Amino acid sequence: MSGSSICYGKRETREDASSGSGKNQASRKETTQPDTRMWSLAALALVVAVCVVPLTAAVSASGRPHQKHTAWKMDEAILTVNNELDKEVVVSWVSERCYQCLYQQLGVLPAAPGPGRPSSADFVVSTQHEITLQLNGTSGNLEFCTVPFHFEEHGNYSLWVKDLNDSLVYNCSVVTDADPVNSYMPILVAFLVFAGLALASAIGTKVLGLDIVRGILFRMAGSMETERLINSELGSPGRAVSLVADNILPPSPSPSKRLRSLDTFRGLSLVIMVFVNYGGGRYWFFRHESWNGLTVADLVFPWFVFIMGTSVALSINSMLRAGSTRKSLLRKVVWRSVQLFIIGVFIINPNYCQGPLFWDNLRIPGVLQRLAWSYLAVASLDLLVARGHLDILTTDAWWSPGLDILLYWPAWLCVLLLEVMWLCLTFLLPVPDCPTGYLGPGGIGDMGQYANCTGGAAAFIDRWLLGESHIYQTPSSRVIYATHMPYDPEGVLGSINSVLMAFLGLQAGKIILHYRDLHTSIMSRFLIWGLFLGVISAVLTKCSTDQGFIPVNKNLWSLSYVTTLACFAYVLLVLVYYVVDVKRWWSGAPFYYPGMNSILVYVGHEVFEEYFPFRWRMADSQSHAEHLTQNLVATSCWVFISYMLYRKKIFWKI
């Protein structure tokens, strides 16, 4: 994900739509068959706007305490510190999500003017994560106490500092003066609204699928159309017969079989991406993790890269079977990569927030740029080793279980060499004034020893190759770790691991090709790969967030980040494949539609993000409820747009 192009301060979040969508058109449905999905999708944004805002506002208002301060902001609470000591007290804090961090000073309280007359001061504290408060004396290293506490939004709290019986034992206790609001209630309301819409759509589809209902609707539609044609000046009996015949004859089968699960997987990732890019209701777990660890926003870009690799395997095999030459396909791959890169640099660039783009402030890396590089590398490798006809390969040899790997060993060797290069550059490249192999965030992390070492070798290579002014200036690490160095999460070194992610997706495509129509074999292979990658992640991370050999880190696109997200992708793909393509319990709607037009939806949501109905002037810009409603409406609009484009058979492909 890349830096945000929204100028009001959203943190870096930009996912890309996976390539390869829209290559095959779905078979046309009968023209008179009613489709409840269209109406449910059309009503989606309206229902959310009508229901979520009033309900969440009412719930929030009912639970709002008597406010000590009227200018409330999201994710903030008021803490009143009362000092009964005859000494000055320094109040400091640190977030529990900040690993090995320096305490940051909150303020200083003077000594109490007398017995029973404490000095006091009000402070604004963050409510996103638990924080630890530390109270020290101003002279020496005297520590009175430390208090871990998770404050809640818009609450009023008091912290009392007392000396027990004039001894050297100090007591610090937090008291809730006014109850906070339930800032997560809007999520529950939104979930219930969408669940109700999904249930209504499922029931409507089931009812309309009954033979008796279909017969009634078809007869009504046929009689209405016949009457319209008779009364029309352009109508003719011949035309009427033709329409009736079209209604009776079944639609022609699709010439090529397209796995709906892949488009559904892509669309699911895209919908989540659009939602978090629009702000995710300003909840912290819908934004990128500041450094090590994972949030919802950290999942979707790797999944796009993964499913892109899967699509590459299937599309190249299909085109080779159709008679295309490798040279012509390579030209298409290069041209498509160039187009993606140009769109990423000149159309979707977060530096537009600073005014017109100039070379001096042009950010070169980005989501589409990384996708272009990953696509170019993986598609080129596959063109070197891909086979157009897999049905002639033997499957009875002892090595046949590894056929989908052994046949492509040159490509595997190239990817492994790239990974060795990443490991060597990350852990062996000397970085001036920084420890070799440093993977930390810098800033106040690591007790402030390496404040200017954010990202270690990855940041050093970007500054050396691209220049400091051409990389992302406001990385997510500044939120908790208070870093001030530019750092690009789509930088050069991390692009090596994005190739690995795409190649693991390519492997999923090879499994589908080699075990086509053998659903059990395909799903078992997916699960084996998921287990294998999960074990690698457990070893690399030691099953911890910060203490492993290579922590899971989206900013670095670390090796454990790739193996962890690829593990998740294989497991999720198994579930979607089983439900959509094997059992056909679910059509993939509504995620299937944006998955078929992923590039258009991604570019469109970036370009039109500041326009109505995707954004409007808020009555309360510090309300999670209104932000969540706005972001859900915007996301629902793009789902509906993609559905209408699907109905019109409009697919934008590069």
Among (1) surrounded by fewer than 19 Cβ atoms within 10 Å (Cβ to Cβ); (2) at negative phi, the one test that ARG584 misses: (2)
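Of the residues VAL492, VAL499, which single one is within 21 Å of the chain's Cα centre (by Cα), under 27 Å from GLY388 (Cα atoms) and of a type in the set (Val, Ile, Thr)?
Step by step, each of VAL492, VAL499 is checked, and only VAL499 is within 21 Å of the chain's Cα centre (by Cα), under 27 Å from GLY388 (Cα atoms) and of a type in the set (Val, Ile, Thr).
The rows are residues; the columns are (1) in contact (Cβ under 8 Å) with a residue 60 or more places away in the chain; (2) assigned to a loop (DSSP other than H, G, I, E, B); (3) crowded, with 19+ Cβ neighbours inside 10 Å; (4) among the basic types (Lys, Arg).
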residue	(1), (2), (3), (4)
PRO401	no, no, no, no
TRP422	yes, no, yes, no
PRO432	no, yes, no, no
ASP446	yes, no, yes, no
CYS453	no, yes, yes, no
ILE461	no, no, yes, no
VAL479	yes, no, yes, no
Out of the residues in segment 368-396 that are touching a helix residue (DSSP H, G or I) at 6+ places or on another chain (Cβ under 8 Å) and in a loop (DSSP other than H, G, I, E, B), state the one that is modelled with the highest pLDDT. ALA386
Selection from segment 506-556 of residues that are modelled with pLDDT of 95 or more, of a type in the set (Gly, Ala, Ser) and open to solvent by 30 Å² or more (accessible area, probe 1.4 Å): ALA538
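With respect to PHE275, determine if the residue is free of Cβ contacts under 8 Å to residues at least 12 places away in the same chain and open to solvent by 20 Å² or more (accessible area, probe 1.4 Å). Walk me through how you get there before you give the answer.
Numbers: free of Cβ contacts under 8 Å to residues at least 12 places away in the same chain: no; open to solvent by 20 Å² or more (accessible area, probe 1.4 Å): yes.
In short, no.
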Per-region count, segment 482-492, residues open to solvent by 10 Å² or more (accessible area, probe 1.4 Å) and touching a residue at least 60 places away in the same chain (Cβ under 8 Å): 2
Need a quick list: helices (runs of 4 or more DSSP H) entirely within segment 553-633 having at least 2 residues that are among the aromatic types (Phe, Trp, Tyr). 559-577, 592-596
When you go through LEU556, LEU527 one by one, which is the residue that is more than 20 Å from PHE301 (Cα to Cα) and not β-branched (Val, Ile, Thr)? LEU527
Please specify each residue of segment 351-367 satisfying the condition of being assigned to a helix (DSSP H, G or I) and either in contact with a Pro (Cβ under 8 Å, 6 or more places away or on another chain) or modelled with pLDDT under 70 (or both). ASN351, TYR352, CYS353, GLN354
Identity of the residue in segment 293-326, free of Cβ contacts under 8 Å to residues at least 40 places away in the same chain and farther than 23 Å from ALA538 by Cα, that ends up surrounded by the most Cβ atoms within 10 Å (Cβ to Cβ): MET319
With (1) farther than 14 Å from CYS101 by Cα; (2) touching a Ser or Thr at 6+ places or on another chain (Cβ under 9 Å); (3) not charged (D, E, K, R) as the list, and PRO441 as the residue in question, which single condition is left unmet? (1)
Pairing a residue in segment 562-587 that is within 14 Å of ALA502 (Cα to Cα) and touching a residue at least 12 places away in the same chain (Cβ under 8 Å) with any residue that is assigned to a loop (DSSP other than H, G, I, E, B) and open to solvent by 40 Å² or more (accessible area, probe 1.4 Å), where Cβ atoms lie under 8 Å and the two sit 6 or more apart in sequence or on different chains, gives THR564/LEU294
Identify, please: which residue in segment 171-203 is surrounded by 18 or more Cβ atoms within 10 Å (Cβ to Cβ) and touching a Lys or Arg at 6+ places or on another chain (Cβ under 7 Å) and is, among those, farthest from ASN82 (Cα to Cα)? SER201
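The values are calculated or read from the model by the stated rules, or taken from the named source; none is laboratory data. Please read these numbers as outputs of a predicted model, since none were measured by experiment. Cβ atoms come from the backbone with ideal geometry, glycine included; neighbour counts cover every protein chain shown. Please note that ligands, DNA and RNA were not included when accessible areas were found on the heavy atoms of the full protein model with its side chains. Shrake-Rupley method; radii C 1.70, N 1.55, O 1.52, S 1.80 Å.
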